[in-house]
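Worksheet for the structure shown next.
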Amino acid sequence: MACLLETPIRMSVLSEVTASSRHYVDRLFDPDPQKVLQGVIDMKNAVIGNNKQKANLIVLGAVPRLLYLLQQETSSTELKTECAVVLGSLAMGTENNVKSLLDCHIIPALLQGLLSPDLKFIEACLRCLRTIFTSPVTPEELLYTGPDHQTILFNHGAVQNIAHLLTSLSYKVRMQALKCFSVLAFENPQVSMTLVNVLVDGELLPQIFVKMLQRDKPIEMQLTSAKCLTYMCRAGAIRTDDNCIVLKTLPCLVRMCSKERLLEERVEGAETLAYLIEPDVELQRIASITDHLIAMLADYFKYPSSVSAITDIKRLDHDLKHAHELRQAAFKLYASLGANDEDIRKKIIETENMMDRIVTGLSESSVKVRLAAVRCLHSLSRSVQQLRTSFQDHAVWKPLMKVLQNAPDEILVVASSMLCNLLLEFSPSKEPILESGAVELLCGLTQSENPALRVNGIWALMNMAFQAEQKIKADILRSLSTEQLFRLLSDSDLNVLMKTLGLLRNLLSTRPHIDKIMSTHGKQIMQAVTLILEGEHNIEVKEQTLCILANIADGTTAKELIMTNDDILQKIKYYMGHSHVKLQLAAMFCISNLIWNEEEGSQERQDKLRDMGIVDILHKLSQSPDSNLCDKAKTALQQYLA
């Protein structure tokens, strides 16, 4: 019986909670429009700052009725406006409130309200829309996001309609116009190219943006103007060596990284600067020597310091919760600064405790910080010198291998790309990485659905196999399996195919290794080579495949797999006469290795190839206008004369 009592008890509690709220909803259904209006006004006053009341009204069905009144042509403008205000207040409650509003299809109703001639009603609708769209539970696709939507706004005259607002007397209006332009220009060449030529009161838009990022302007305005110019530059509308970028935008963003600025300003400044300089080595060099930026960024890791200048307890609490964003921004900017220049990388690594900070960043709880730390490390790993010194001193490979064990794809892509660098032949980290089970891990990546991970997995294996011992090569082949190797050779992604051919080429190097591998996998490898040479592949793929054949032809016993395969021999002959020199040269290497007369059985091989007409082709190629091809043909002919 106790179970039966449960429901009535819960109902009575709910009745107590909602009884005091019900009369607000009941008044919305009064036949007297004046009483309805007063009811909405009273409801507005009741819900301000009262989340419990908001939840009650939603449960009692206030939202559908408010939306009905908002959309009725017979409703007065004042009533519609008050309804929009109440809905906006409800949206300012919990995330569940926003979900309830979305479930009632509030967005179309509010968007329709924007067509009204009444400014107060429009403003109320806009305020409500803004509250809803700033909530994390609102799906972005409900409004304009992405390149397609940028284009829709652009095609409907957004640029022209917003441009004149930059000269408004209201600071708030100018700021919103600036923010609109930054969003429209982001990664959009079409919009950016147009913005460059827009005139406002006889002045070009970039000139207006430059004025807005001067030191005497509010920080928010400086930052947003710098973002507009940054996005236009990255979209190709402004040259990277333009004065407005080099002398105005870049220094402004460096200023934002100063410890005098608020946390969010430092974060935004560093991230925008990282984006601006990312593809341009000259901007990276200029930024690195502006206001001691590299040393300045080190302060991002010391925040908040023990003697913090922050006296506002709320601000300190906020900043402690968001300090990880500073570390993320610093890693991003260091990654961009060190993308190309060896001297800059050296300066970054020599900054106090830098490598320790990056290694710590690899195991932070925040995915964004981990990703930024890996990107920073990847950027620095492009340095041969650092791979041999700092990376080895700090055993960077250990935390990296840990990251690779269990991470989201976006981190895996960058971490595996960095592993490719650590596995280069001259890297001291190569040996310990191999001993820590990297082969199995990388073979696993080659089976990923993500093409970037397949590429990196096979690329790292290719680097691992370069001039490796027979045991390592055998481990790779065993872990990868011939089935997977041939799946990769038929991969739809060109990069995967090219790197797989590179792996095969590195596996088939040095004679004992070639003979050993071909004795166990020869049939399948020859089959794969045939399929690629017959397929619709580009010059680079065919060239790599012919180079693999040339390596096989260099084996002692392996070359017989070519000599006993008339189909392959005919293909080599065909490519000797190809119109592309690269393919002719690669085919020539095959022939040279097969006819080299110091090796056993060379006479029989020479005779068979002569009968196929190879010597005639060699005579023809010895007259080639390409000096390289000509020399190779003459060298091959000498083997017949010796």
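The values are calculated or read from the model by the stated rules, or taken from the named source; none is laboratory data. Note that this is a predicted model, so its numbers are computed, not measured. Because the Cβ atoms are built from the backbone with ideal geometry, glycine has one as well, and the counts that use them run over all protein chains shown. Quick note on the areas: whole protein, heavy atoms, side chains included, nothing else; ligands and nucleic acids left out. Shrake-Rupley method; radii C 1.70, N 1.55, O 1.52, S 1.80 Å.
Of all residues in segment 74-93, those being at pLDDT 90 or above, assigned to a loop (DSSP other than H, G, I, E, B) and not aliphatic (A, V, I, L, M) number 3. Contact annotation: residue pairs with Cβ atoms under 7 Å, 6 or more positions apart or on different chains, pairing a residue in segment 213-228 that is touching a residue at least 40 places away in the same chain (Cβ under 8 Å) with a partner that is outside any helix (DSSP H, G or I) and open to solvent by less than 40 Å² (accessible area, probe 1.4 Å), are 225/213; 226/213.
Just for segment 597-635: of the residues that are modelled with pLDDT under 90 and not polar (S, T, N, Q), which one is most open to solvent (accessible area, probe 1.4 Å)? This residue is 600. Could you tell me whether segment 135-143 includes any residue that is within 30 Å of residue 191 (Cβ to Cβ), open to solvent by less than 50 Å² (accessible area, probe 1.4 Å) and part of a helix (DSSP H, G or I)? No, segment 135-143 contains no residue that is within 30 Å of residue 191 (Cβ to Cβ), open to solvent by less than 50 Å² (accessible area, probe 1.4 Å) and part of a helix (DSSP H, G or I).
Do you know which residues across segment 523-547 are buried (at least 20 other Cβ atoms within 10 Å of the Cβ) and either within 18 Å of residue 478 (Cβ to Cβ) or small (Gly, Ala, Ser) (or both)? Listed by number, the residues that qualify are 525, 528.
Against the numbered list (1) more than 30 Å from residue 66 (Cα to Cα); (2) modelled with pLDDT of 90 or more; (3) in a helix (DSSP H, G or I); (4) open to solvent by 60 Å² or more (accessible area, probe 1.4 Å), residue 175 comes up short only at (4). Being assigned to a loop (DSSP other than H, G, I, E, B), at pLDDT below 90 and either among the acidic types (Asp, Glu) or under 24 Å from the mean Cα position of the chain (by Cα) (or both) is the requirement here; does residue 352 meet it? Yes: the conditions hold for residue 352.
Scanning segment 111-126 for residues that are in a helix (DSSP H, G or I) and touching a residue at least 40 places away in the same chain (Cβ under 8 Å) gives 112, 113, 120, 121, 124, 125. Kindly check whether there is at least one residue in segment 123-132 that is of a type in the set (Ser, Thr, Tyr), at pLDDT below 90 and farther than 20 Å from residue 207 by Cα. No, segment 123-132 contains no residue that is of a type in the set (Ser, Thr, Tyr), at pLDDT below 90 and farther than 20 Å from residue 207 by Cα. Pairing each residue of segment 523-546 that is more than 21 Å from residue 509 (Cα to Cα) with any residue that is not in a helix (DSSP H, G or I), provided the two are 6+ apart or on different chains, yields C-beta distances under 7 Å for 539/580. Cβ-Cβ contacts under 7 Å between residues 6 or more apart (or on different chains), taken from a first residue in segment 301-330 that is closer than 22 Å to residue 351 by Cα and acidic (Asp, Glu) to a second residue that is at pLDDT 80 or above and surrounded by 14 or more Cβ atoms within 10 Å (Cβ to Cβ), are listed as 325/267.
Just one of the listed residues (500, 520) is of a type outside the set (A, V, I, L, M, F, W, C), part of a helix (DSSP H, G or I) and open to solvent by less than 20 Å² (accessible area, probe 1.4 Å), namely 500.
Listed by first and then second residue, the pairs linking a residue in segment 472-484 that is more than 15 Å from residue 506 (Cβ to Cβ) and open to solvent by less than 30 Å² (accessible area, probe 1.4 Å) to a residue that is outside any helix (DSSP H, G or I) and of a type outside the set (D, E, K, R), with Cβ atoms under 8 Å apart and 6 or more places separating them unless they lie on different chains, are 484/446; 484/447.
Within segment 339-352, residues that are open to solvent by 80 Å² or more (accessible area, probe 1.4 Å) reach partners that are of a type outside the set (Asp, Glu) with beta carbons closer than 7 Å, at six or more positions or on different chains, in the pairs 340/281; 340/284; 347/288; 347/294; 352/298. When each of 132, 152 is tested for being open to solvent by less than 60 Å² (accessible area, probe 1.4 Å) and of a type outside the set (Lys, Arg), the lone residue that passes is 132.
Conditions (1) out of contact with any Lys or Arg (no Cβ under 9 Å at 6 or more places or on another chain); (2) more than 21 Å from residue 615 (Cβ to Cβ), marked per residue:
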| residue | (1), (2) |
| --- | --- |
| 531 | yes, yes |
| 537 | yes, yes |
| 551 | no, yes |
| 568 | yes, no |
| 572 | yes, no |
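Here is a yes/no grid of residues against (1) touching a His at 6+ places or on another chain (Cβ under 6 Å); (2) not charged (D, E, K, R):
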| site | (1), (2) |
| --- | --- |
| 388 | no, no |
| 400 | no, yes |
| 405 | no, yes |
| 414 | yes, yes |
| 428 | no, yes |
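Counting just the residues of segment 312-338 that are in contact with a helix residue (DSSP H, G or I) (Cβ under 7 Å, 6 or more places away or on another chain) and of a type in the set (D, E, K, R), which one comes out surrounded by the most Cβ atoms within 10 Å (Cβ to Cβ)? Filtering segment 312-338 for residues that are in contact with a helix residue (DSSP H, G or I) (Cβ under 7 Å, 6 or more places away or on another chain) and of a type in the set (D, E, K, R), the one surrounded by the most Cβ atoms within 10 Å (Cβ to Cβ) comes out as 332.
Considering segment 379-452, the qualifying helices (runs of 4 or more DSSP H), each wholly inside and each with 2 or more residues that are under 25 Å from residue 507 (Cα atoms), run over 384-388, 397-405, 409-422, 430-435, 438-445. For segment 237-270, a residue qualifies if it is under 23 Å from residue 193 (Cα atoms) and either in contact (Cβ under 8 Å) with a residue 12 or more places away in the chain or among the small types (Gly, Ala, Ser) (or both), and the qualifying residues are 237, 238, 240, 241, 244, 245, 246, 248, 249, 250, 252, 253.
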